[in-house]
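**Q** Could you have a look at this structure, given as structure tokens, before my questions?
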Amino acid sequence: MKSAFLPTGGILAGDCVAHIMRRGFDQPISTLARWIVNRDVVAFEERGELWVPMFQFNPDLQVRPGVRKVIEELRGVFDEWELVDWFARPNSSLCGENPASVVLCNERAVLEAAMVDRFIATG
């Protein structure tokens, strides 16, 4: 899973993300926790450590609006692991590219792929 996100900024431990966020946020731990709990960003746990894929963030560590829209589209039908996996795996609607890579340059295409996959998942 971790290697799938290397071309798009990799992943960081949640503690590291919160530490970096100190530069621009008054309460970085609370902000990141809220984003994760509200499912505004995707994160996953592995061996007791929380990991956050970095493709989701602009350089100022704000959540990319396009990523937020895609997560909103899918969070009602996919659990956390399925969401992370969806962003990491090649998607036929995106010519075999993974959504994490494409969302950086074509948010609309990724949102449309999410809509298709939501439709398939819900029947």
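**Q** In the range 33-46, which residues are surrounded by fewer than 15 Cβ atoms within 10 Å (Cβ to Cβ) and in a loop (DSSP other than H, G, I, E, B)?
**A** Matches in the range 33-46: Asn38 only.
**Q** So, of the residues in the range 80-109 that are hydrophobic (A, V, I, L, M, F, W, C) and loosely packed, with under 14 Cβ neighbours inside 10 Å, which turns out to be farthest from Ile120 (Cα to Cα)?
**A** That would be Cys105.
**Q** Could you list, in sequence order, the residues of the range 19-32 that are without any contact (Cβ under 8 Å) to a residue 24 or more places away in the chain and surrounded by 15 or more Cβ atoms within 10 Å (Cβ to Cβ)?
**A** Pro28, Ile29, Thr31, Leu32
**Q** May I ask you to say which residue of Ile36, Ile71, Ile20 is β-branched (Val, Ile, Thr) and more than 27 Å from Ala121 (Cβ to Cβ)?
**A** Just one listed residue meets the conditions, Ile20.
**Q** Answer with yes or no whether Ala4 is within 17 Å of Arg89 (Cβ to Cβ) and either out of contact with any strand residue (DSSP E or B) (no Cβ under 6 Å at 6 or more places or on another chain) or of a type in the set (D, E, K, R) (or both).
**A** yes
**Q** Can you tell me which residue in the range 79-111 is nearest to Lys69 (Cα to Cα), limited to those that are of a type outside the set (S, T, N, Q) and over 16 Å from the mean Cα position of the chain (by Cα)?
**A** Among them, the one singled out is Leu94.
**Q** Given the criterion modelled with pLDDT of 95 or more, more than 25 Å from Val17 (Cα to Cα), touching a helix residue (DSSP H, G or I) at 6+ places or on another chain (Cβ under 8 Å) and surrounded by fewer than 20 Cβ atoms within 10 Å (Cβ to Cβ), identify the matching residue among Val63, Val77.
**A** Criteria check complete, one pass: Val77.
**Q** If you check Leu12 against the conditions, is it in contact with a Phe, Trp or Tyr (Cβ under 9 Å, 6 or more places away or on another chain) and not aromatic (Phe, Trp, Tyr)?
**A** Spelling it out, Leu12 is indeed in contact with a Phe, Trp or Tyr (Cβ under 9 Å, 6 or more places away or on another chain) and not aromatic (Phe, Trp, Tyr).
The values are calculated or read from the model by the stated rules, or taken from the named source; none is laboratory data. Predicted model, so just to flag it, every value in this text is computed and none were measured. Virtual Cβ from ideal backbone geometry, glycine too; neighbours counted across all protein chains shown.
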